[in-house]
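Q: My questions will all concern the structure given below.
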Amino acid sequence: MPKVTIDDISIEVPEGTTILEAARMIGGDIVPPAMCYYSHLQGTGGYCRTCIVQVTQGSEKDPRPMPKPVASCRTTVMDGMVVKNTTSPELLEARAGVVEFLLINHPLDCPVCDQAGECHLQDLGYDHGKLETRSEFPRREFEPIDIGPHIKLHMNRCILCYRCVKVADQLTDGRCHGVISRGEASEISTYIEQAIDNDFSGNMIDVCPVGALTDRTFRFKSRVWYTKPVDAHRDCPTCSGKVRLWFQGDDVIRVTSRKDEYGEVTTGPEGNPEWICNTCRFDTKSVHDWEIEGPSHIQRQSVISANHYESLKALKVTTERMYDANPHGTKVDLGEGALDPNNESK
Amino acid sequence: MSAKILLALDHIEGIASLPVYAQHGGYAVLKKVLSDISPQQVVEEVKISGLRGRGGAGFPTGLKWSFLARPEGVPRYLVCNADESEPGTFKDRYLMERNPHLMIEGMIISSYGLGANTAYIYIRGEYFYIARILEKAIKEAYAAGYLGKNILNSGFDLDLHVHVGAGAYICGEETALLESLEGKRGNPRIKPPFPAVQGLYNCPTVVNNSETLAAVVPILDKGGAAYAAIGIGKSTGTKLISASGHINRPGVYEIELGIPVEEFIYSDEYCGGIRNGKKLKAVVAGGSSVPILPADLILKTAEGAPRLMSYESLAEGGFQTGTMMGSGGFIVMDEDTSIVKNLYTFARFYHHESCGQCSPCREGTGWMERILHKILDGHGSITDIDLLWDIQKNIDGKTICPLGEAAAWPVASAIRHFRSEFEEYVLNPHLIEDVKHYYRLQTT
Ligand SMILES: Cc1cc2nc3c(=O)[nH]c(=O)nc-3n(C[C@H](O)[C@H](O)[C@H](O)COP(=O)(O)O)c2cc1C
Ligand code: SF4
Ligand code: SF4
Ligand code: FES
């Protein structure tokens, strides 16, 4: 089995494992952020470039470093490969550049976005971005549209990760949406105003890392951080029936799949991704339909939800960075861990 | 062999027709190859010749051919890249328009060497009239038995198709080209796998530039060693250069690799010097994507040695003081040229042509164009120049395909060598009143 060293931690992984997957096997802070890769979908990754890493040694046999950063989600490890992620300041700088690109046309309308609180772009921005934008040009704008009875598309927020396209290709019985136009003008669209209505189309909402695809039945009902997630299941003839119910008071106001720490749908006992069908998601919202298992463990570090969920990491916003953004302000030393949501003493 | 190899026959009336081409020795090399030479030997001769890809990257053709996977029972394809869309490059057009049979003969020989029974010419949509010329020539070749089943009784079959693109620069990138040829959106593929293993319809495929494939004919005619004797060092043979800009004699020239740049610009055999007796200011030596160099650095390297028209010499000094051979689009600028305005035109092009798959190129190319427009519009500031520098740096090396770099390098090199000109624009906005009206921000 090839051995790879990522940020000074070595691990042996099966032949054909990507750097990103190897990093996830190690876990923790050294895992590169991934906005377009999705382990349960084939052919994802390579587009967003947030997962780039520096390969300082190609392999045992050919120790030459790779001249450019590589997309860790699409690069397989070689025996003796040495990778730098968090230990390379230049790489982190380059990643900040990628994040900046993803944000210059993003509306940052988090206050009115249903994804706020569980948005990967928010996390990414906090963890790897800069505090101020350097772009002064108008952002790209599109009108929000309903694509079918269940899904709302806010193209303004889309980062063109292609995940929803792959879901439609791989889970539903006929894709009727995709990327049209080129370059900066690219947009996700249905072909000639077709509606997306398909047993498994709702999973497009779950794979969308941002608020571009949202659940029309949940729209503006609440904010994610006011709701309580609970794991539940039922006997479903179409899918695994394993879901996450989002309660407001005694009402189920949203049903989603269960997600792991990387925001991907959880893996079942046979290694199968636990996608859910549209009936479970959109039409089964009575508590009596479900057998409740207990409160969900949210493993993400979602920014706005920080005060509500356990097992979170501290936000990486240091006073140092706040000061950098506003050099005219006063520098206050809040002390180590001041912004750690789990730190009750502050 | 003289320096005129690919263009040796281009002055002959009617050379585009098969009978005239045949009168001047056309298809004699094909006949010799099919009767006397094995496919392996064809690949071997190309290796010996040292021929390097003429599409831009300069990758050794023989080596590329030797990477071609040959699994049993799986078809292999040869694809000719005639998409020629890099601004400043127009040599394939001349080659195919004047003497289409030369490239076709080269493709038949190459297909034989690679064991491909189907070959495609992917030609840019704007060259539709050349597509007609090629189709006519292909018809003639079928009729003469040079294409089709059992060519010249050798047992070798080959079908050759012309596919006309729809006018996207990105479809010149080999994997986007293959996608487009398969009838899909022209998005570059994420590599690996490389086309040599999984190319057209997931089968092993070689993609070569038109000029590369045409050069196979003289190589198999006189032998790889004779071809390698032309040129200098690892830059063997001849190269077509598309010369444009402020010169007395713009056009397509075939040069022996290794002649001094100074000779190429000033000799009456080639560019014939700068127009109207002006002074040389800068040159983009290999098509719009390669770094621009100021006059002193294009004529001489940083060490003071004469700069030569070869892959190595043009690249000497790296990007600090050198550039690249690229596709041979040689754009000459005189002393009156505005580097910033020229850069804006390039930036606009790359912005327009980005396929939009990866974030740095999709978002960065438009941003750079907007900043350049702002500067030209008299609203720039010194920090905009630094921002431009940062943006190009953040694109460079972080994209799926080299279009990102193609967009970044011109910006980087213009700032590196001509920063004072950017500063002049931002510090003296009143000087640029006159350009305002014809630079409107392009919206996509
Ligand atoms: C954006 C982009 C555009 C390209 N356009 C062309 C082109 O028009 N013609 C061409 O021959 N190669 C073009 N190339 C290079 C091809 O990808 C490929 O390297 C070439 O066709 C290989 O042929 P060669 O080895 O004979 O040079 C382009 C590359 C990129 C990244
Ligand atoms: S709509 Fe969402 S899932 Fe689809 S490409 Fe855009 S960001 Fe990705
Ligand atoms: S670099 Fe540009 S053209 Fe190439 S894949 Fe990325 S977005 Fe498309
Ligand atoms: S996650 Fe690897 S490029 Fe997007």
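The values are calculated or read from the model by the stated rules, or taken from the named source; none is laboratory data. The shown structure was predicted, so the numbers you read here are calculated from the model rather than taken from an experiment. Please note: Cβ atoms are built from the backbone with ideal geometry, for glycine as well, and neighbour counts cover all protein chains shown.
Q: Which of the residues belonging to region A:56-102 are assigned to a helix (DSSP H, G or I), under 28 Å from A:ARG157 (Cβ atoms) and away from chain B (no Cβ under 14 Å)? Walk me through how you get there before you give the answer.
A: Pass one, region A:56-102, residues assigned to a helix (DSSP H, G or I): A:72-74, A:89-102.
Now narrow it down to the ones that are under 28 Å from A:ARG157 (Cβ atoms): A:72-74, A:91-102.
Of everything in region A:56-102, nothing turns out to be assigned to a helix (DSSP H, G or I), under 28 Å from A:ARG157 (Cβ atoms) and away from chain B (no Cβ under 14 Å).
Yes/no per residue for (1) small (Gly, Ala, Ser); (2) under 21 Å from B:VAL206 (Cα atoms):
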| residue | (1), (2) |
| --- | --- |
| B:LYS4 | no, no |
| B:ALA8 | yes, no |
| B:ILE12 | no, no |
| B:ALA16 | yes, no |
| B:LYS31 | no, no |
| B:SER49 | yes, yes |
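Q: Which residues, taken from region B:353-376, are free of Cβ contacts under 8 Å to residues at least 24 places away in the same chain and either more than 8 Å from ligand 3 (Cβ to nearest atom) or touching a Lys or Arg at 6+ places or on another chain (Cβ under 9 Å) (or both)? First the steps, then the outcome.
A: First pass over region B:353-376, keeping only residues free of Cβ contacts under 8 Å to residues at least 24 places away in the same chain: B:356, B:359, B:362-363, B:371, B:374.
The answer is B:GLY356, B:SER359, B:GLU363, B:ILE371, B:LYS374.
Q: Further, regarding this structure: Tell me, yes or no, whether region A:104-126 has at least one residue that is part of a helix (DSSP H, G or I), over 17 Å from the mean Cα position of the chain (by Cα), modelled with pLDDT of 90 or more and within 11 Å of chain B (Cβ to nearest Cβ).
A: Yes, some residue in region A:104-126 is part of a helix (DSSP H, G or I), over 17 Å from the mean Cα position of the chain (by Cα), modelled with pLDDT of 90 or more and within 11 Å of chain B (Cβ to nearest Cβ).
Q: Within region B:395-413, can you find the residues that are facing another protein chain (nearest Cβ under 10 Å) and surrounded by fewer than 24 Cβ atoms within 10 Å (Cβ to Cβ)?
A: Result: B:ASP396, B:GLY397, B:GLU405.
Q: Just name the residue that is farthest from the chain's Cα centre (by Cα) out of those in region B:65-92 that are crowded, with 20+ Cβ neighbours inside 10 Å and of a type in the set (Lys, Arg).
A: Here the residue is B:ARG76.
Q: Kindly indicate whether any position in region A:36-44 is among the aliphatic types (A, V, I, L, M) and within 11 Å of ligand 4 (Cβ to nearest atom). If you could, list the steps in order and put the result at the bottom.
A: Residues of region A:36-44 that are among the aliphatic types (A, V, I, L, M), as a first pass: A:41.
Next, only the ones that are within 11 Å of ligand 4 (Cβ to nearest atom) stay: none.
No, the conditions are met nowhere in region A:36-44.
Q: Next up: Where in region B:1-91 are there helices (runs of 4 or more DSSP H), lying wholly inside it, with at least 3 residues that are under 29 Å from B:GLU179 (Cβ atoms) and either in contact with a strand residue (DSSP E or B) (Cβ under 6 Å, 6 or more places away or on another chain) or in contact (Cβ under 8 Å) with a residue 40 or more places away in the chain (or both)? Write out each step before concluding.
A: Values: elements: B:18-23, B:28-36, B:39-49, B:61-66.
It comes to B:39-49, B:61-66.
Q: Those residues that are aromatic (Phe, Trp, Tyr) and away from chain A (no Cβ under 12 Å), I need them from region B:343-359; list them, please. Explain how you work it out, then say what you get.
A: Within region B:343-359, the subset aromatic (Phe, Trp, Tyr) is B:344, B:346, B:349-350.
B:TYR344, B:PHE346, listed by residue number.
Q: What's the total number of residues in region A:82-94 that are touching a residue at least 60 places away in the same chain (Cβ under 8 Å), crowded, with 22+ Cβ neighbours inside 10 Å and out of contact with any Leu (no Cβ under 8 Å at 6 or more places or on another chain)?
A: 1
Q: Only one residue in B:ARG189, B:ARG185 is farther than 20 Å from B:GLU84 by Cβ, assigned to a loop (DSSP other than H, G, I, E, B) and at pLDDT 95 or above, so which one is that?
A: Working: B:ARG185 fails: at pLDDT 95 or above.
Among B:ARG189, B:ARG185, only B:ARG189 is farther than 20 Å from B:GLU84 by Cβ, assigned to a loop (DSSP other than H, G, I, E, B) and at pLDDT 95 or above.
Q: Restricting attention to region A:3-14, which residues are assigned to a loop (DSSP other than H, G, I, E, B), touching a residue at least 60 places away in the same chain (Cβ under 8 Å) and either over 19 Å from A:THR56 (Cα atoms) or out of contact with any Pro (no Cβ under 7 Å at 6 or more places or on another chain) (or both)? Talk me through it step by step, then tell me what you get.
A: Narrowing region A:3-14 to residues assigned to a loop (DSSP other than H, G, I, E, B): A:7-8, A:13-14.
Okay, now just the ones that are also touching a residue at least 60 places away in the same chain (Cβ under 8 Å), so A:7-8, A:13.
Within region A:3-14, A:ASP7, A:ASP8 qualify.
Q: What's the number of the only condition in (1) within 16 Å of ligand 3 (Cβ to nearest atom); (2) crowded, with 21+ Cβ neighbours inside 10 Å; (3) touching a residue at least 60 places away in the same chain (Cβ under 8 Å) that B:GLY326 fails to meet?
A: Condition not satisfied by B:GLY326: (1).
Q: Quick check: is even one residue across region B:93-104 within 16 Å of ligand 3 (Cβ to nearest atom) and either within 29 Å of B:GLY233 (Cα to Cα) or away from chain A (no Cβ under 14 Å) (or both)? Break it down into steps so the answer makes sense when it comes.
A: We begin by selecting, within region B:93-104, every residue within 16 Å of ligand 3 (Cβ to nearest atom); these are none.
No, region B:93-104 contains no residue that is within 16 Å of ligand 3 (Cβ to nearest atom) and either within 29 Å of B:GLY233 (Cα to Cα) or away from chain A (no Cβ under 14 Å) (or both).
Q: Looking only at residues in region B:321-361 that are among the small types (Gly, Ala, Ser) and within 20 Å of B:ARG416 (Cα to Cα), which one is farthest from ligand 1 (Cβ to nearest atom)?
A: B:SER338
Q: What are the residue pairs meeting all of these: first residue in region A:25-51, first residue more than 14 Å from chain B (Cβ to nearest Cβ), second residue in a loop (DSSP other than H, G, I, E, B) and more than 12 Å from ligand 2 (Cβ to nearest atom), Cβ atoms under 7 Å, and 6 or more apart or on different chains?
A: Going by the 7 Å Cβ cut-off, the qualifying pairs are A:MET25/A:VAL13; A:ASP29/A:THR86; A:ILE30/A:ASP7; A:ILE30/A:ASN85; A:ILE30/A:THR86; A:TYR38/A:GLU264; A:SER39/A:GLU264; A:HIS40/A:GLU264.
Q: Quick one: which of A:CYS119, A:CYS51, A:CYS73, A:CYS110 is surrounded by fewer than 22 Cβ atoms within 10 Å (Cβ to Cβ) and of a type outside the set (Gly, Ala, Ser)?
A: Values: A:CYS119 fails: surrounded by fewer than 22 Cβ atoms within 10 Å (Cβ to Cβ); A:CYS51 fails: surrounded by fewer than 22 Cβ atoms within 10 Å (Cβ to Cβ); A:CYS73 fails: surrounded by fewer than 22 Cβ atoms within 10 Å (Cβ to Cβ).
Going through A:CYS119, A:CYS51, A:CYS73, A:CYS110 in turn, just one is surrounded by fewer than 22 Cβ atoms within 10 Å (Cβ to Cβ) and of a type outside the set (Gly, Ala, Ser): A:CYS110.
Q: Could you please find all residues in region A:132-187 being among the small types (Gly, Ala, Ser) and away from ligand 1 (no atom under 16 Å from the Cβ)? Before you say what the answer is, go through the steps one by one.
A: Restricting attention to region A:132-187, the residues satisfying the condition of being among the small types (Gly, Ala, Ser) are A:135, A:148, A:168, A:174, A:178, A:181, A:183, A:185-186.
Within region A:132-187, A:SER135, A:GLY148, A:ALA168, A:GLY174, A:GLY178, A:SER181, A:ALA185, A:SER186 meet the criteria.
Q: All but one of (1) within 14 Å of chain A (Cβ to nearest Cβ); (2) assigned to a helix (DSSP H, G or I); (3) touching a helix residue (DSSP H, G or I) at 6+ places or on another chain (Cβ under 9 Å) hold for B:ALA215; which doesn't?
A: Going through the list (1) within 14 Å of chain A (Cβ to nearest Cβ); (2) assigned to a helix (DSSP H, G or I); (3) touching a helix residue (DSSP H, G or I) at 6+ places or on another chain (Cβ under 9 Å), B:ALA215 breaks only (1).
Q: For region A:141-202, please list each of the strands (runs of 3 or more DSSP E) lying entirely inside it that holds at least 2 residues being modelled with pLDDT under 95, within 28 Å of A:ASN272 (Cα to Cα) and within 14 Å of chain B (Cβ to nearest Cβ). Walk me through how you get there before you give the answer.
A: Details: elements: A:145-147, A:151-153, A:177-180, A:187-190.
Hits in region A:141-202: A:177-180.
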